[in-house]
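Here the structure is laid out as structure tokens; the discussion comes afterwards.
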Amino acid sequence: MDSLPLLSTLAGAAIGIVATVIADRNRWKHDDAKEALRLRLDVYTQYTTTVKVLGETLRALARREHPSDDERALALREAFRDSGIAIASERMWLIAPQPVVRASNGVFHCLRRICDGYAYGTAVGGPEDRARWEARGRAAAEMRGLMREDLGVGPLAERHMPLLDDSV
């Protein structure tokens, strides 16, 4: 009996199996990369949304009348704690690349300084307040730029939010 047809069949089967395994592995890698990108997008969206809502909440609380300075400070610190920024920040630390983590941490600390400033009596719209908000705006723009770069969507040509003015 001639073994050449048997060897040809076995070689063809081996080539088919190897090709299938390679194709499946490539498909798995592609799906894994898509899922990782989707996860980072979700984490980035949660963080930037939390940052925006927290900022608006802090400013609204600082403008509101409070029975005392202590009550104002307590309300501001509770809002910061209850905002979800700590959870969003932890997710960022676990998922994002180092440059994005560093930038998001910078935004977190800017918001902390804004909260502390209001808690210690800084007036909304005053020079100190404006400087803190401008620092937060620059930090957030840097963070968003790094996020967009990581997601592969390219830079924006404009700021997300205009500079503060007296009407804000």
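Any read-out appearing in this document is the output of simple, stated calculations on the displayed coordinates, not a laboratory observation. Everything numeric here is computed off the predicted structure, so don't read it as measured data. Here the Cβ is made from the backbone with ideal geometry for all residues, glycine too, and neighbour counts use every protein chain on show.
Would you call Leu10 surrounded by 11 or more Cβ atoms within 10 Å (Cβ to Cβ) and within 24 Å of the chain's Cα centre (by Cα)? No. Among the residues making up the range 117-139, those that are within 18 Å of Glu56 (Cβ to Cβ) and either of a type in the set (Phe, Trp, Tyr) or in contact with a Cys (Cβ under 8 Å, 6 or more places away or on another chain) (or both) are Tyr118, Arg132, Trp133, Ala135, Arg136, Ala139.
Scanning the range 123-143 for residues that are among the charged types (D, E, K, R) and under 17 Å from Ala73 (Cβ atoms) returns Glu128, Asp129, Arg132.
The criterion of being among the hydrophobic types (A, V, I, L, M, F, W, C), within 30 Å of Val153 (Cβ to Cβ) and either touching a residue at least 40 places away in the same chain (Cβ under 8 Å) or assigned to a helix (DSSP H, G or I) (or both) does not hold for Leu76.
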